[in-house]
Ligand SMILES: [Fe+2]
Ligand SMILES: [Fe+2]
């Protein structure tokens, strides 16, 4: 209740985590759906995006089933999406950023789905692990949708691709929440997650950097010239936070 310190035990933390997850899944369907109406969308992109949207709706439904099993409730899909998509309830910044172009959708799936993979993959509780397994089976395809298109997207529009990647990396890092919140400590204490948020964030950033390097190699292969997608300078604020990545990015910059 507002203004009151809510008692948090293992069960209520589990319910809260699943409610947030259910809302994120539903918000993702609402964000991605308008891309299907883009006049320039290809048959292949249309097919792949429609599958992703269908997956996210199923993920929301699976979260709801799990919530019912453990005595929690999920908001109706549309209400849940609104909670994240519209102020003043837009608690997660990333879900208040509309997707307007296919390039947006590519950066979103590349980065945000990857962040989902790290968050969900971090679940430790046996009930959550079972659910996570079902969701992660699809997330790798969603991540692939984004990253396989990044080299082409970069070659067509380098600055737009870099700007979008930089923006979504920032939004995705924010998506992890504060590193040392009470909620995070309780999740660890109750065995609901494997690692502290700071560690998951670090692994996520390292993974993003690895994928950017791979995409750069693919673009270099296509053009026959050395391509560095998202120069380390763009990622500096995050690289400072993650020394291991800074070291590797310096090596790329001087190569
Ligand atoms: Fe999902
Ligand atoms: Fe996804």
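The values are calculated or read from the model by the stated rules, or taken from the named source; none is laboratory data. All of these numbers come straight from a predicted model, not from anything done at the bench. Virtual Cβ from ideal backbone geometry, glycine too; neighbours counted across all protein chains shown.
State the number of residues belonging to region 33-44 that are free of Cβ contacts under 8 Å to residues at least 60 places away in the same chain and over 21 Å from residue 81 (Cβ atoms). Steps first, answer last, please.
Initial filter on region 33-44 (free of Cβ contacts under 8 Å to residues at least 60 places away in the same chain): 33, 36-37, 39, 42-44.
Those left that are additionally over 21 Å from residue 81 (Cβ atoms): 39, 42-44.
Of the residues in region 33-44, 4 are free of Cβ contacts under 8 Å to residues at least 60 places away in the same chain and over 21 Å from residue 81 (Cβ atoms).
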| said: Quick check on my filter: what residues within region 108-128 are over 16 Å from the mean Cα position of the chain (by Cα) and either modelled with pLDDT of 95 or more or within 19 Å of residue 60 (Cβ to Cβ) (or both)? | reply: 127, 128
| query | residue 158 passes all but one of (1) modelled with pLDDT of 95 or more; (2) farther than 23 Å from residue 84 by Cβ; which number fails? | reply | (1)
| task | Among the numbered conditions (1) over 13 Å from the mean Cα position of the chain (by Cα); (2) under 22 Å from residue 24 (Cβ atoms); (3) within 16 Å of ligand 2 (Cβ to nearest atom); (4) crowded, with 20+ Cβ neighbours inside 10 Å, tell me where residue 164 comes up short. | result | (3)
| Checking residue 227 against (1) assigned to a loop (DSSP other than H, G, I, E, B); (2) modelled with pLDDT under 85, the condition it does not meet | (2)
| field | Evaluation of residue 140 against (1) more than 13 Å from ligand 1 (Cβ to nearest atom); (2) farther than 16 Å from residue 94 by Cα; (3) without any contact (Cβ under 8 Å) to a residue 24 or more places away in the chain (one fails), failing number | value | (1)
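Inside region 195-220, can you point out the residues that are in a loop (DSSP other than H, G, I, E, B) and farther than 18 Å from residue 16 by Cβ?
Answer for region 195-220, where residues must be in a loop (DSSP other than H, G, I, E, B) and farther than 18 Å from residue 16 by Cβ: just 195.
Looking at the structure I just gave you, is residue 177 at positive phi, outside any helix (DSSP H, G or I) and free of Cβ contacts under 8 Å to residues at least 40 places away in the same chain? Give the derivation first.
Numbers: at positive phi: yes; outside any helix (DSSP H, G or I): yes; free of Cβ contacts under 8 Å to residues at least 40 places away in the same chain: yes.
Criteria met by residue 177.
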| field | Residues (surrounded by 15 or more Cβ atoms within 10 Å (Cβ to Cβ) and in contact (Cβ under 8 Å) with a residue 40 or more places away in the chain) located in region 45-55 | value | 45, 48, 49, 52, 55
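Has region 117-129 got any residue that is assigned to a helix (DSSP H, G or I), touching a strand residue (DSSP E or B) at 6+ places or on another chain (Cβ under 8 Å) and either free of Cβ contacts under 8 Å to residues at least 60 places away in the same chain or surrounded by 20 or more Cβ atoms within 10 Å (Cβ to Cβ) (or both)?
We begin by selecting, within region 117-129, every residue assigned to a helix (DSSP H, G or I); these are 117-121, 126-129.
Checking which are touching a strand residue (DSSP E or B) at 6+ places or on another chain (Cβ under 8 Å) leaves us with 129.
After this cut, where a residue has to be either free of Cβ contacts under 8 Å to residues at least 60 places away in the same chain or surrounded by 20 or more Cβ atoms within 10 Å (Cβ to Cβ) (or both) as well, the list is 129.
Among the residues of region 117-129, at least one is assigned to a helix (DSSP H, G or I), touching a strand residue (DSSP E or B) at 6+ places or on another chain (Cβ under 8 Å) and either free of Cβ contacts under 8 Å to residues at least 60 places away in the same chain or surrounded by 20 or more Cβ atoms within 10 Å (Cβ to Cβ) (or both), which makes the answer yes.
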